[in-house]
Every structure is written in C-alpha cells, then in structure tokens.
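Participant: Quick one: the structure is below, and I'll ask about it shortly.
The values are calculated or read from the model by the stated rules, or taken from the named source; none is laboratory data. The shown structure was predicted, so the numbers you read here are calculated from the model rather than taken from an experiment. Heads up, the Cβs are rebuilt from the backbone with ideal geometry, glycines too, and the neighbour counts pull from every protein chain shown.
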Amino acid sequence: MNCFRFSFLLVVMILLPFLSTSAQADSYTKTIEVFQKSPQSQSFFKNSYGYAVFPTVGKGGLVVGGAYGKGQVYRKGKVTGTVSLFKATIGFQLGGQAFSEIIFFQDKRAFDEFTSGQFEFDAAVSAVVITAGVQAKAGTEGTTAGASSGPATGVQAETKYCKGMAIFIHAKGGLMYEAAVGGQKFTFTSK
C-alpha cells in the first residue's frame, strides 16, 4: 500500500466519528453559549450581521490531512440555512483534533458572499482561539480576527473583522502537529 493511500485511509478513520449527520439542535445552542461567554467574541453577537456555527469540526492527518464539519448559518438569531466545511491539506502533519468554530459576518456583503453557495478561505488566514479552563490552544485556519492569549492570562488583544469576517475557534480535544498548506471550503444550502 503506497503512502498516499495509507494516509488517506488514516484521515478517513480519524474523521469518521465526526461525519455523522445526527447533529442535534442542542449542540448548536451549547456551542453558541460557549462563544457568548467568551470575552473575545461576546460583542460580535450584538454587532454582527449574522454568523455561522460549527459545533464540531474534526481534523486529522498523516502527510495528507483533512477536516470536516456541519454547521448552521444565522441572521438576526434565526437559522437561514446549513453549511458544510471541508478542508484538505498536504504537508507535515500528524494527529487529530476536534474544535468548535464560529464565523461572524460584519455586514450584508460578507453574509451574502459566504452564503452564495460555494465560499473558500485561503491557506494564509487565521483565527482567534478561545481557551476555556485548562484546555490547550488549537491551531487552525480561518479569517484573521486578531490575537489573544485567552482569559486565563487576563490579556486580550483587540479583535477586528478582516474582509468582513471574524473567526473564533474553541478547542474541544486532541493534538495535531502540522506545517501544512490548505484552505477551508464551505458549501451553503438555504433553508
């Protein structure tokens, strides 16, 4: 079995638990509550045009990697549709992790761009990581929103929109080492 095929099978096995379609509405509510309690993202709920929430994104890799998650898009607190996140990477990477993700849209233009059907972040973008308790920070890609050392240190940098979007990540578990190239792709389906 060649290295590529083995890596692909390993990624599928790591991501398999996250591919179930049984995401309950309660997981969305709980995920939103986590981000509403975070000082880094609280104000975005009041000031954004809308947001997309992914309760669990699974990520794994061994040379070839990937990430997958299902989410919902909200405008004025109401669900407007569903969205799938997919990411493929190649490069040095080993391990797996799970995290929650939220993307805030600053205005109608950013919201419309994201919900146009197919949307993609490039590999150079980043996200603010929200830490809770003793959880470690998880590295990921998304739209840059600033830097934060988390509430544990009491130090918080100003968080801003970049190209009309701001992304926050909440680490759920796992460990991932990577120096890989790849961007997130989103597929939106209107409700």
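Participant: Can you give me the ranges of the strands (runs of 3 or more DSSP E) entirely in the stretch 62-146 with at least 2 residues that are more than 19 Å from residue 168 (Cα to Cα), modelled with pLDDT of 85 or more and out of contact with any helix residue (DSSP H, G or I) (no Cβ under 6 Å at 6 or more places or on another chain)? Lay out the reasoning, then the answer.
Facilitator: Details: elements: 78-105, 118-120, 128-130.
Those strands (runs of 3 or more DSSP E) span 78-105.
Participant: Right, another one. Taking the stretch 21-58 on its own, how many of its residues are assigned to a loop (DSSP other than H, G, I, E, B), modelled with pLDDT under 95 and more than 17 Å from the chain's Cα centre (by Cα)? Talk me through it step by step, then tell me what you get.
Facilitator: Taking the stretch 21-58 as the starting set, the residues that turn out to be assigned to a loop (DSSP other than H, G, I, E, B) are 21-24, 38-41, 48-49.
With modelled with pLDDT under 95 added as a condition, the list becomes 21-24, 38-41.
Right, trim to more than 17 Å from the chain's Cα centre (by Cα) and you get 21-22, 24, 39.
The total comes to 4.
Participant: Scanning the stretch 29-55 for residues that are surrounded by fewer than 19 Cβ atoms within 10 Å (Cβ to Cβ) and among the hydroxyl-bearing types (Ser, Thr, Tyr), which turns out farthest from residue 162 (Cα to Cα)?
Facilitator: Selected residue: 29.
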